[in-house]
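Peer 1: My structure is below; once you've seen it, I'll send some questions.
The values are calculated or read from the model by the stated rules, or taken from the named source; none is laboratory data. Given the structure is predicted, the values throughout are model-derived calculations rather than measurements. Using ideal geometry, Cβ is built from the backbone for each residue, glycine included, and neighbour counts are taken over all protein chains shown. Areas reflect the complete protein model, heavy atoms only, side chains present, ligands, DNA and RNA absent. Shrake-Rupley method; radii C 1.70, N 1.55, O 1.52, S 1.80 Å.
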Amino acid sequence: MTLITLQNYIDGNYCAPTGGQYLEGFNPATGEVFSQVPDSREADVSLAVQAAKKALPAWKAMPADDRFRILNAIAEGIEANLTEFAEAESMDQGKPVWLAKTEMQRAAQNFRFYATAAIQFASESHQTDTRAINYTLRQPVGIVGCISPWNLPLYLFSWKIAPALAAGNCVVAKPSEFTPYTAYLLCRICNEAGLPAGVLNVVHGLGASCGQAIVDHPEIKAISFTGGTATGKHIASVAAPMFKKLSLELGGKNPNIIFDDADLEEAVKTTVRSSFLNQGEICLCGSRVFIHTRMYEAFKAMLLEQVAKMQVGDPADDKTRVGAIVSKPHFEKVLSYIELAKAEGGRVLCGGTAVKPPGFENGWFIAPTIIEGLSQSCRTNMEEIFGPVITIMPFETEEEVLGMANDTAYGLACTIWTTDLKRAHRMAEAIQSGIVWVNCWLLRDLRTPFGGVKQSGVGREGGWEAMRFFTEPKNVCIAY
Ligand code: TXE
């Protein structure tokens, strides 16, 4: 098999890493190496920063209308090549192609949304006792670093770079070393869309070398990062002494709470998705499912029945619901958590093992796994597994479930199933998380704030929040 060689994208050109070193890129469904990924270092990041610096004055000064046109053209470019992008994403990440297609559409939507933000973003003005007027200039931060993870590769990559570009910044970006393929393809689309050279630069490589060089670089003034909590902590400690702006989205251990007045059918159907979509590798997945005792047995039976029907295997098959786990180390990590759950006294109700689908015997597949009988305070329920594994737990009262739901270091998202409006409001207020869904999950509107509290991160992405992050407000006060 001929290997696909990916390249960095610096100053509008595809180029090899200066050190000439490459990493292996794996197809998780087959376990085979199919690509070579630049193993970029500090020197490559430096070149990217130089290109960004050169491009910044003109990009900053470009009329918003022109930025709008270019970002829109990028959106159209992704849509025109949707199948190519979706197949590349699936080959890199392991997810089903049908799912990758929906994510590619969302990535295009990110560019379209922030194209309009470029022309609509407005600032405030304040009059002071009729003697002075204050207005706020929203100026681009300058050169910004965008570091993205492997679970929703192009979607999260575009979620950062689209607002950064819309706000007039130049970007040095690094996708995950596990899933760099669609970010590589995007650079071609950016050229075709007329994005000026140096405005977006993409360097590929490992977190500890290439990612670290982005965080360390003194001319990169802001870092937008999505990834693990440990990496987020480290990035914060490096960036804080340099007073860099930081946006950190660090995953979750989200509660999914089903009260006894919930629409049982709808709650079960959505719980199947919120537990196992993208192999459970979404920071918003509900991995701790709390079910009211009166509903517990009925809910469990229906859930098990539906999960038993989920097809695990060939990502190209439209009927596949669970694809491959992104990498061998992550596959092993998820399996080790299933062993931990058993050691902690959990009963595995379904799944619990690796799967070898016909034709994909060397891939990294895990059957959707449901575990019961664990206490909220065990490690399985405290640590982020980030795979197709959930625990189910009974509860009696609202107070009890609220205590358990909040008993976590994380605070990204929560789902509540109830038809009692007052209870929904009470719970939404008391839950410690950045996002609350009531009787739904993953219903996303790009205008809404996205992010978490506690160890789920700092700052918000989405809508004007991202435009605010990628700009510096400057107040101008004029007396008259
Ligand atoms: O993420 P990392 P990992 C969670 C999930 C997973 C765990 C670890 O629980 O099991 O994190 O995953 C780059 N300086 N999430 O280790 O390392 C790295 O190259 C700068 C939640 O794969 O945080 C990649 O581009 N950058 C999550 C990005 O950071 C560094 C999504 C994320 O990788 C760096 C993924 C460094 N020192 C995992 N070290 C979510 N929030 O959705 C690494 N990177």
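Peer 1: Quick one: which residue in Ala118, Ala122 is of a type in the set (A, V, I, L, M) and at pLDDT below 95?
Peer 2: Ala122
Peer 1: Let me ask something additional. Which number in (1) among the hydrophobic types (A, V, I, L, M, F, W, C); (2) touching a residue at least 40 places away in the same chain (Cβ under 8 Å); (3) not in a loop (DSSP other than H, G, I, E, B) marks the one condition that Ala262 misses?
Peer 2: (3)
Peer 1: Between a first residue in region 281-308 that is away from the ligand (no atom under 16 Å from the Cβ) and a second residue that is open to solvent by less than 10 Å² (accessible area, probe 1.4 Å) and modelled with pLDDT under 95, which pairs have beta carbons less than 9 Å apart while being 6 or more apart in sequence or on different chains?
Peer 2: Listed by first residue and then by second, the contacts come to nothing, as the list is empty.
Peer 1: Then there is this: Just wondering, is there one or more residues in region 123-139 that are in contact with a His (Cβ under 8 Å, 6 or more places away or on another chain), among the hydrophobic types (A, V, I, L, M, F, W, C) and open to solvent by 20 Å² or more (accessible area, probe 1.4 Å)?
Peer 2: Yes.
Peer 1: Among the residues of region 347-390, what is the count of those that are away from the ligand (no atom under 16 Å from the Cβ), charged (D, E, K, R) and either free of Cβ contacts under 8 Å to residues at least 40 places away in the same chain or out of contact with any Ser or Thr (no Cβ under 8 Å at 6 or more places or on another chain) (or both)?
Peer 2: 3
Peer 1: Starting from region 142-159, keep only residues that are assigned by TED's automatic domain parsing to the domain that holds Asp44 and touching a residue at least 40 places away in the same chain (Cβ under 8 Å), then list their pairs with residues that are of a type in the set (Val, Ile, Thr) and more than 10 Å from the ligand (Cβ to nearest atom) whose Cβ atoms are within a distance under 6 Å, requiring at least 6 positions of separation or different chains.
Peer 2: Listed pairs, sorted by first residue: Ile143/Ile220; Val144/Val171; Gly145/Val172; Gly145/Ile220; Cys146/Ile161; Cys146/Val171; Pro153/Thr182; Leu154/Thr182.
Peer 1: Separate question: Any residue that is closer than 22 Å to Phe68 by Cβ, open to solvent by 60 Å² or more (accessible area, probe 1.4 Å) and outside any helix (DSSP H, G or I) - is there at least one of those in region 140-161?
Peer 2: Scanning region 140-161 turns up no residue that is closer than 22 Å to Phe68 by Cβ, open to solvent by 60 Å² or more (accessible area, probe 1.4 Å) and outside any helix (DSSP H, G or I).
Peer 1: Could you list, in sequence order, all residues of region 199-214 that are surrounded by fewer than 24 Cβ atoms within 10 Å (Cβ to Cβ) and out of contact with any Ser or Thr (no Cβ under 9 Å at 6 or more places or on another chain)?
Peer 2: Correct list: Ala208, Gln212.
Peer 1: Which of the residues spanning region 215-232 are touching a strand residue (DSSP E or B) at 6+ places or on another chain (Cβ under 9 Å) and more than 6 Å from the ligand (Cβ to nearest atom)?
Peer 2: Within region 215-232, His217, Glu219, Ile220, Lys221, Ala222, Ile223, Ser224, Phe225, Thr229, Gly232 qualify.
Peer 1: Another question, then. Has region 365-378 got any residue that is small (Gly, Ala, Ser), touching a Gly at 6+ places or on another chain (Cβ under 9 Å) and farther than 16 Å from Val289 by Cβ?
Peer 2: yes
Peer 1: Next question, about the same structure. Can you tell me which residue is farthest from the ligand (Cβ to nearest atom) among those in region 237-270 that are aliphatic (A, V, I, L, M) and closer than 27 Å to Thr380 by Cβ?
Peer 2: So the residue we want is Leu264.
Peer 1: Now for a different question. Identify, by number, the condition in (1) open to solvent by 10 Å² or more (accessible area, probe 1.4 Å); (2) β-branched (Val, Ile, Thr); (3) within 26 Å of Ile282 (Cα to Cα) that Thr116 doesn't meet.
Peer 2: Every listed condition holds for Thr116 apart from (3).
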